[in-house]
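In what follows, a structure is listed as structure tokens, so that the remarks can point back to it.
Please treat every number below as a calculation from the coordinates, not as lab data. All values derive from a computational prediction rather than experimental measurement. Cβ placement follows ideal geometry from the backbone for every residue including glycine, while neighbour counts extend to all protein chains displayed.
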Amino acid sequence: MSENSFDFIVIGGGSGGYAAARTAHSAGLRVAVIDGASELGGLCILRGCMPSKTLIESANRQLHIRHAAEFGLKATSHGVDIRAIRDRKRTLIADFAGYRQGQLEDGRFALHRGHARFIDAHTLEVSPRDGSPTYQLTAKSFCIATGSEVFVPDVPGLAETGFWTSDDVLDTDSLPKSIAVLGGGAIGLEMAHYLEAMGCAVTLIQRNAQLLTGLDRECSDVIAKAYSERGMKVHLGTHLNSIVAIKDKKLIEFTVSGHTQAVQVDQVLLAMGRQPATHGLDLTAARVSQHKTKVVVNDRMQTSQPHIFAAGDVCSPLDVVHIAIQQGEIAARNAARLIRDETADETIDYRLTLFGVFSHPQVAVVGATTEKLRAQGIPFLEASYPFNDHGKSMVMGEMAGFVKMLANKETGEILGACVVGPEATELIHEIVIAMNFRSTVQQFMAIPHYHPTLSEIWTYPAEEIADQMAE
Ligand SMILES: Cc1cc2nc3c(=O)[nH]c(=O)nc-3n(C[C@H](O)[C@H](O)[C@H](O)COP(=O)(O)OP(=O)(O)OC[C@H]3O[C@@H](n4cnc5c(N)ncnc54)[C@H](O)[C@@H]3O)c2cc1C
Ligand SMILES: NC(=O)c1ccc[n+]([C@@H]2O[C@H](COP(=O)([O-])OP(=O)(O)OC[C@H]3O[C@@H](n4cnc5c(N)ncnc54)[C@H](O)[C@@H]3O)[C@@H](O)[C@H]2O)c1
């Protein structure tokens, strides 16, 4: 094998790509990773999960200070130091990114720092970052893991007036006095939480009739109420008409139920989704099919070219890290099977798909939702329990929200759950484990739960479903 030819080339060294590369190396393949970014680490480490959660920790502490009197404590916030928050984030992220860079450079893979594009289904052209001449690499198999980029919709005036994305919030050392958050998905809600806690006047404008499109409506209702109570203006079911600059302000005009409204703000945060990053890859040269910009894959992570796999945001039904990693690992193992002339038959199972939002209160879901089970015609029972009637959450003063469990009506097997409330993104894992072992509500109830904990709240819906089954 020449030095420019490999068993497996991964394009993109983020969460999905790194998982694919290390798995392929462990399977004995000769692997190359190509990444075109100025900084190695991928979205999660550099501009996604980790930096946003660092900022959100500051927001959470600010809310604790606000509510100190409720706990008999005399604490007052004397303001916020956005530069210090940003610097703390930079220090942590440099550490995480350095670790990932070390993993990519530890000699297991040939690392190519440049932009890749397909010449044909077995050949890539690499344009090195340092401006040196392009060169070609060939491989028996590939994994496209190029991630995603901010989606900029065609709203009149948006491009002309300018806007912030999550990247700007993460790296700014000063915040505007007022901001309109466009989009009520995970990014919109997490950023709104941070920005409001830091003192910005937040207006949230969401197109859908609920926040977090696709989740149960009750989850949206809890967040919308909590955010409104914090003084945020939450507009649902909107249509954005236009954005115009008026001196150094931005005037956003939108329609809700046929009524036109307007809000004037200092800044706009665009959080209306992300789209797969495929431009410049020349997927048509490799005859890899796309649906709009998304790379189409089967459940073995194969594209329309069986030896070209994909993983992560570029192809995923849900842009989250644990899925990107799982997809990358499956892609690599299937590629190794193909190279050994075996069948690439490992499939991905989205049954335990998790989704968590670090808003306040937090939201987390696993498995099926009420809507999905109804649509699939699966007979099910469901039960909820509110945090305002649960001892530990009352003690914590965190009473907004509820837990909900869904189970098969005949067998009692837990099919899904959601939490809106304190530590939701931690609490959900108990149900993931139960679902992994296909636990029934009856088996779940037999598991001891320490008292008083947030976790024991799960026993109430489990018991209620068991009672419903016994009727
Ligand atoms: C603000 C924010 C917060 C988030 N928070 C969470 C969270 O809390 N939990 C969670 O699970 N998910 C979160 N996500 C989503 C998560 O970050 C992504 O799902 C995940 O990082 C995607 O990984 P990936 O490997 O698909 O892509 P990436 O990590 O983006 O990696 C793609 C890599 O490909 C490279 N590349 C692209 N094109 C080329 C090319 N042609 N040639 C060479 N290299 C190329 C890029 O330089 C990049 O390094 C968040 C996202 C954002 C934006
Ligand atoms: N905690 C997490 O796991 C986490 C955090 C942040 C981001 N992410 C991932 O990043 C991706 C991008 O997040 P996102 O929140 O930008 O996208 P998203 O697609 O989740 O949400 C975008 C929201 O914007 C709304 N919207 C779209 N067009 C609009 C318009 N014209 N006017 C008003 N609202 C409009 C949509 O109704 C939708 O609810 C998501 O897929 C998510 O999985 C995950």
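Each pair of Cα atoms in the range 361-470 enters the Kirkwood radius, and Stokes-Einstein at 25 °C and 0.890 mPa s then converts it into a translational diffusion coefficient of 179 µm²/s.
First select every other residue whose beta carbon is under 12 angstrom from the beta carbon of VAL320; then total the charges, Lys and Arg +1, Asp and Glu -1. Numbers along the way, then the final one.
Values: positive: ARG274; negative: ASP313, ASP319.
Overall, the nearby charge balance is -1.
Computed from the C-alpha gyration tensor, the three semi-axes of the ellipsoid equivalent to the chain are 38, 31, 21 Å, from longest to shortest.
By the count of neighbouring beta-carbon atoms within 10 Å, fewest first, SER15, SER393 end up ordered SER393, SER15.
Assuming a strict under-18 Å limit between Cα atoms, what lysine pair count do you get for the range 158-272 once near-sequence pairs (fewer than 8 apart, same chain) are dropped? Lysine pairs meeting the criterion: 7.
What is the Å³ per residue value for the convex hull set by the Cα atoms of the range 163-305?
Expressed per residue, the convex hull around the Cα atoms of the range 163-305 is 158 Å³.
Tally Lys/Arg at +1 and Asp/Glu at -1 over every other residue whose Cβ is under 12 Å from the Cβ of LEU281; what's the total?
Numbers: positive: ARG117; negative: GLU125, ASP282.
Net charge in that neighbourhood comes out at -1.
Here the chain carries DSSP beta bridges of which approximately 65% are antiparallel, counting only pairs with both residues inside.
Per-residue 3J(HN,Hα) values for the range 254-263, derived from phi via the Karplus relation 6.51 cos²θ - 1.76 cosθ + 1.60 with θ = phi - 60°, read 9, 10, 10, 6, x, 9, 8, 10, 9, 9 Hz in sequence order (x marks Gly and Pro).
Compare the peptides 73-83, 42-52 by average per-residue count of other Cβ atoms within 10 angstrom and give them in order, highest first.
The packing order, highest mean first, is 42-52, 73-83.
Bridging of LYS372 to lysines at a Cα separation below 19 Å is possible for LYS404, LYS409, once same-chain residues fewer than 8 apart are set aside.
Stokes-Einstein D for the range 1-74 at 20 °C, 1.002 mPa s, Kirkwood Rh over Cα pairs, in µm²/s?
Values: Rh = 15.5 Å.
The Stokes-Einstein estimate is 138 µm²/s.
When only the Cβ of Lys, Arg, Asp and Glu is charged (+1, +1, -1, -1), the dipole of the chain relative to its Cα centre reaches about 760 debye. Ordering 294-301, 99-106 by mean Cβ neighbour count within 10 Å, with the highest value first, yields 294-301, 99-106.
For ASP349, ASP266, what's the fewest-to-most ordering of other Cβ within 10 Å of each Cβ?
Working: ASP349 9, ASP266 15.
Ordered from fewest to most neighbouring Cβ atoms within 10 Å, ASP349, ASP266 come out as ASP349, ASP266.
Add +1 for every Lys or Arg and -1 for every Asp or Glu among the other residues with Cβ under 14 Å from the Cβ of GLN210, and state the total. Here the count lands on -1. Ranked for footprinting exposure by Cβ neighbours inside 10 Å, fewest first, PHE6, PHE96 give PHE96, PHE6. When peptides 328-339, 434-445 are sorted by average Cβ neighbour count within 10 Å, with the highest value leading, the order is 328-339, 434-445.
Listed by chain and number, the aspartates and glutamates whose C-alpha is less than 20 Å from the C-alpha of LYS89, apart from same-chain residues fewer than 8 away, are GLU39, GLU57, ASP81, ASP167, ASP168, ASP171, ASP173, GLU190, GLU196. Cross-link partners for LYS74 among the lysines, with Cα-Cα distance under 21 Å and sequence neighbours closer than 8 places in the same chain left out, do not exist in this structure.
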